[in-house]
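The structure appears below as structure tokens.
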Amino acid sequence: MAQSQAVENFKSWVMSLDRNVMAILVGLTIGILGGILGLLLVIVGPVIAIVLIVVILGALYVLTDVTPALYGTMAILVLLPYGAFPYKIVITPTLLDLALGAFVLVYIIQWVTGRRRNLTLVQPHIFIGLYLMWLIFAFMLGLRYGSPTTTVLRHFAETILSISLAFVLVDLLSDTKTLRRLVLLVMVLVGVQAAMTVGLYLLNDEVASQLLNYLVRIGYPGGFVIRYIEATPALGERAIGTWIDPNSLGGLLATGAAMITPQVFSKQPVLKSRWLTFLVLGTVVLALLLTSSRASFLAYGVGLGVIVLLRYRRYIPYLMLAGLGFLFLPQTQTYVDRIFQAFRGEDLATQMRVGEWTDSLTLISRYPFAGIGFTGTPTNDVYTDVANLYLIMANQIGLTGVLIFLLAMGSVFYYAWQARKKAHDNPEL
């Protein structure tokens, strides 16, 4: 009601303006916009100027509704996760920072203007809120080991904001239609990333690296960016897509594949066409294999096993047959051999990680309760970077923080287990 009144008042004010005044305002606006456009053309060139104008128009549109803001955030997360604003504004914000900021801003505006009145909360939010408080506590406690840099502050703020989206998303995705649309969007975006990943992998290494170097203008690393197994070209290339790091890309693709797989068997797949769904899944799984991220591939296998055991037991024989085929097909022997090398600790990458894990366990034994925070280390002989996310967490927020995190994740699974019957009874879910 208040919003409608404000709009009416604005219309009345516009109508009351003298035509000459109105003409002057319109002329000034056109002149200012023309001047800005001309300046952009001179400074950054026509291509970048057009891109910036499109981005600004898109940003203005995003600020009108929370749904395109959410979709824009997802698109940047999947397709350009390391992109940054091409110019420094005190700091250089990443594209994901800007998208997340716009998304949260629009959501807050909806509350301020009265378009949202009730916040949907569920049981897991208790543990997620507790985990957020523990992160802030560990950050404050770690300040005794070093002062935070601008980068550390930004990364920590991104972490808090990202986890806080658990509250926002539950509120937004409270109806089946919105949820199906978001699942469709994620499937399409992950499919596009997988197709780009396979395409770049098939190209000549120099050509692929040159194409990826076009992203340098938005904060991506330059030079020769193609990655190889154990940094040795003779052992084979690792697919990187626009994620640059093959292990991070593998995590995205494994998550996407686990989400897409049930759609192949669904009575009402969100892509409508089962064959198109199968094509997208095949592309994503192929890209996942090409990353040579063994942990990600095994994670997808575990996720697939859970899905089949809980929902599609009749497909267990087919899953076992596919597993045997993967183990014994000549085309997959190199990949299978690398997986077994990892379990036996024979390859260089695993041996290096074992050394990191040992050092990390030493650090955890010294600071088990709250870790050492995010800003520095108490002595020069310890470091928090290690090729295992849970060990990094234990280093930074202690075993207590890891326990709270596991409780939060466990509460999500428990909530899902309780809600499974309701989902099963709704054909669209």
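The values are calculated or read from the model by the stated rules, or taken from the named source; none is laboratory data. The model shown is predicted, which means the values in this text are computed figures rather than measured ones. FYI the Cβ positions are ideal-geometry reconstructions off the backbone, even for glycines, and counts take in every protein chain you see. We work out accessible area using only protein heavy atoms, side chains counted, and drop any ligands, DNA or RNA first. Shrake-Rupley method; radii C 1.70, N 1.55, O 1.52, S 1.80 Å.
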Could you pull out the chymotrypsin sites (Phe, Trp or Tyr not before Pro) across the stretch 343-391 that fall in loop regions by DSSP (anything but H, G, I, E, B) with no more than 14 other Cβ atoms inside 10 Å? Phe369, Tyr383
Can you compute the charge dipole magnitude of the stretch 102-187 about its Cα centre, using +1 on each Lys and Arg Cβ and -1 on each Asp and Glu Cβ, nothing else charged? Give it in debye, rounded to the nearest 20. 220 debye
Give me, ordered by chain and number, the residues 5 or more places off Tyr228 or on other chains with an amide H under 5 Å from its own placed amide H. Arg238
Can you give the accessible area of Ile364 in Å² (nearest 10), computed on protein heavy atoms with a 1.4 Å probe? 20 Å²
Taking the Cα centre of each part, how many Å lie between the stretch 137-206 and the stretch 221-279? 16 Å
With Kirkwood's inverse mean 1/r over C-alpha pairs for Rh, give me the Rg to Rh ratio of the stretch 279-332, two decimals please. 0.97
1/(1 + (r/R0)^6) with r = Cβ-Cβ of Arg274 and His424, R0 = 22 Å, i.e. FRET efficiency to nearest 0.05, evaluates to 0.65
Quick one, what does Rg over Rh come out to for the stretch 282-429 if you take C-alpha atoms and the Kirkwood Rh? 1.06
If I histogram all Cα-Cα distances within the stretch 216-291 using bins 10 Å wide from 0, what percent of pairs lands in each bin? 19, 37, 27, 15, 3
Hey, got a sec? Which chymotrypsin sites (Phe, Trp or Tyr not before Pro) in the stretch 236-341 land in a DSSP loop and have at most 15 other Cβ atoms within 10 Å? none
Between Gln333 and Leu286, what length comes free when the chain is fully extended (0.36 nm per residue of separation minus the Cα-Cα distance, one decimal in nm)? 15.4 nm
Once the piece of chain linking Leu28 and Thr67 is laid out straight, how much longer is it, given 0.36 nm per residue of separation minus the C-alpha distance between them? 10.7 nm
Sequence of Met352, Met259 when ordered by accessible area, the most exposed leading, probe 1.4 angstrom: Met352, Met259
Leu119/Val192 FRET efficiency (R0 45 Å; Cβ-Cβ; nearest 0.05): 0.85
In debye to the nearest 20, the charge dipole size for the stretch 127-277, taken about the Cα centre with +1 at each Lys and Arg Cβ and -1 at each Asp and Glu Cβ, equals 520 debye
With label points built 7 Å along Cα→Cβ from the Cα atoms of Tyr228 and Asn213, find their separation and express it in nm. 1.8 nm
P(r) over all Cα-Cα pairs of the stretch 379-429, 5 Å bins from 0 to the longest distance, whole percent per bin, short to long, reads 5, 18, 15, 14, 11, 9, 9, 9, 6, 2, 2, 1
From the residues Thr277, Phe343, Trp357, which one has its Cα farthest along the dipole of the stretch 256-377 in the positive direction, the dipole being from +1 and -1 charges on Cβ of Lys/Arg and Asp/Glu about the Cα centre? Thr277
Distance in Å, no decimals, from the C-alpha centre of the stretch 344-414 to the one of the stretch 309-331 is 34 Å
Within the stretch 268-391: Cβ-based charge dipole about Cα centre, in debye rounded to nearest 20 (Lys, Arg +1; Asp, Glu -1): 860 debye
In Å², what does the accessible area per residue of the stretch 209-286 work out to with a 1.4 Å probe? 49 Å²
Measure off 7 Å from each Cα along the Cα-to-Cβ vector at Asp385 and Leu184, then give the distance between these two points in nanometres to one decimal. 4.3 nm
